1. Would any residue of segment 1-40 have its amide N under 13 Å from a label point 7 Å out along Cα→Cβ of S75? List them or say none.
2. So what is the diffusion coefficient of segment 381-441 in µm² per second by Stokes-Einstein at 25 °C and 0.890 mPa s, using a Kirkwood Rh over Cα pairs?
3. Once R0 is set to 25 Å, what does the formula 1/(1 + (r/R0)^6) return for the Cβ-Cβ distance between Q51 and I22, expressed as a FRET efficiency to the nearest 0.05?
4. How many nm is it between the label spots at R458 and R358, if each spot is 7 Å from the Cα in line with the beta carbon?
5. Can you tell which of L324, L34, L394 lies farthest toward the positive end of the dipole of the chain, using +1 and -1 charges on the Cβ of basic and acidic side chains (Lys, Arg; Asp, Glu)?
6. Segment 144-161 to segment 3-50: how many Å between their Cα centroids?
7. For labels at V254 and D349 in the simple 7 Å Cα→Cβ model, what's the distance in nm?
8. Which three extents, in whole angstrom, do the alpha-carbon atoms of segment 32-184 cover along their principal axes, largest first?
Amino acid sequence: MQLSMAEVAATLGSSCGTPERIVQGYSIDSRSILPGQLFFAIRGPRFDGNQFVGQAIERGAVGAVVERAFHEQASPKLAPVLIPVMDTVQALQRLAQAVRRKWGRKIIGITGSTGKTTTKEMLAALLSRRLCVRKSRGNFNNFYGLPLTLLALEPEHELAVVELAMSATGEIARLAQIAEVEIGVVTNVGPVHLEFFDSVEAIARAKRELIENLQSPGVAVLNHDDPRVREFGKGFKDRVVTFGFGEGADFRVVELRAQEGAGSHFRVVGPRLKGEFYVPLPGRHNVENAIAAIATASLFEVPTSDLQEALAEFQNLHLRSEVLTLAGGITLINDCYNSNPLAMERTLDTLANWPNARRKIVVAGEMLELGPTSREWHHAIGRRCAEIGVDWLLAVQGDAQYFLAGAREAGLKAERGRFFLKAEAAGEFCRGLIEPGDVVLVKGSRAVHLETVSELLRSSGESASPAKTNSGHES
């Protein structure tokens, strides 16, 4: 949505020496800024964007929103293209909210401990069959990413689907207020960010902020199978729509049939909807993501046939439930974008039911932000690995060592577990370990860099026609 520098400055309660310039886009990264974009100089814990204003202008930025102190000291040559404000983050959010209001159409917000990005991608794919949809790019889901998504709204967009994340109380409430969300989807609540919260119940209260801050008349789309999420509907004055596998869900999966390889067939019944669906992603948890997307898309009366076709053709983002067939019929489940106890449990359940696996090998990275409960959660996931019959468990970094303690306690032979300080060492070991017919799950957070393991395994020889479904120290 094009604005002039004068319009931006007026919205931010400021002024600009080049009011006639037209803004073609917005950025907070001087390294990737494009000509015609407006640069917001964000001050973060490790950098100060004001130091890179000159670089952004040299790269073609139309101007920059900067702190007043920087503006006061700027050179006469630079000063005319600057818009001074007290706080550049608040300015970014304020302008984003103004653009959202000018655009004036519906926004769907999605949150949850797991599955929110995949659900967002699925929902956007379903709705795009009938509508022009703007969606959050990747996981642009915080105080920077959400405003940038809103600032990318164009008049032709008929609907927006955004993701909301948090690491503290009040963050989702603020994000929902900035975006003025009208339809809120909650996938689940689980033990994530326990470094910042004292209990899962506290996490649930933080997730509930989305429902509490919906614009009226709003719609709450809730996971009926999650008792904490189901409670969010109590006292909500507007419409509640539920999804899940259990009795009582408005949109319910009544039959689930695993597909050999990497997908699932399932049957859904709901208000004015009944049909067979296929999702080319592995695991029951991805069917849960799909039914959340179907329930939400139904609010816009997208025909069932369109929903079926869009879901069958769905491709997930890289590193999320990605299934590859390597040379020799080795299956690689590449899911190393994020990890937490709930996500690990669900992915291990998928591995447990994988058909015709010769051996099941898990490469698991440390689960981060679990605070004082970290050792306990890693121990529990290790036990789960042994319970599902994992043949090898390779643990990477920090508290991942407690995966091995839990697994050995539950029966995994000591020689079938290894701990590595770095992902590269785990990848090299795994590359020498795998044999035809094995299924290898690589699961971790980006900070652990387990994509290195997947790259090493793929370099051993990926087949010409992969079953891609989008789906150190040693002791």
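1. Flagged as within label range: none.
2. On the way: Rh = 11.7 Å.
In µm²/s, the coefficient is 210.
3. Details: r = 26 Å, r/R0 = 1.05.
Plugging the Cβ-Cβ distance into 1/(1 + (r/R0)^6) gives 0.40.
4. 2.2 nm
5. L34
6. After rounding, the separation between the Cα centres reads 17 Å.
7. 2.2 nm
8. Sorted largest first, the three principal extents are 51, 35, 25 Å.
Readers should treat all values here as calculations from the given coordinates under stated rules, not as data from a laboratory. All values derive from a computational prediction rather than experimental measurement. For neighbour counting, all protein chains shown are included, and Cβ atoms are generated from backbone atoms with ideal geometry for every residue, glycine included.
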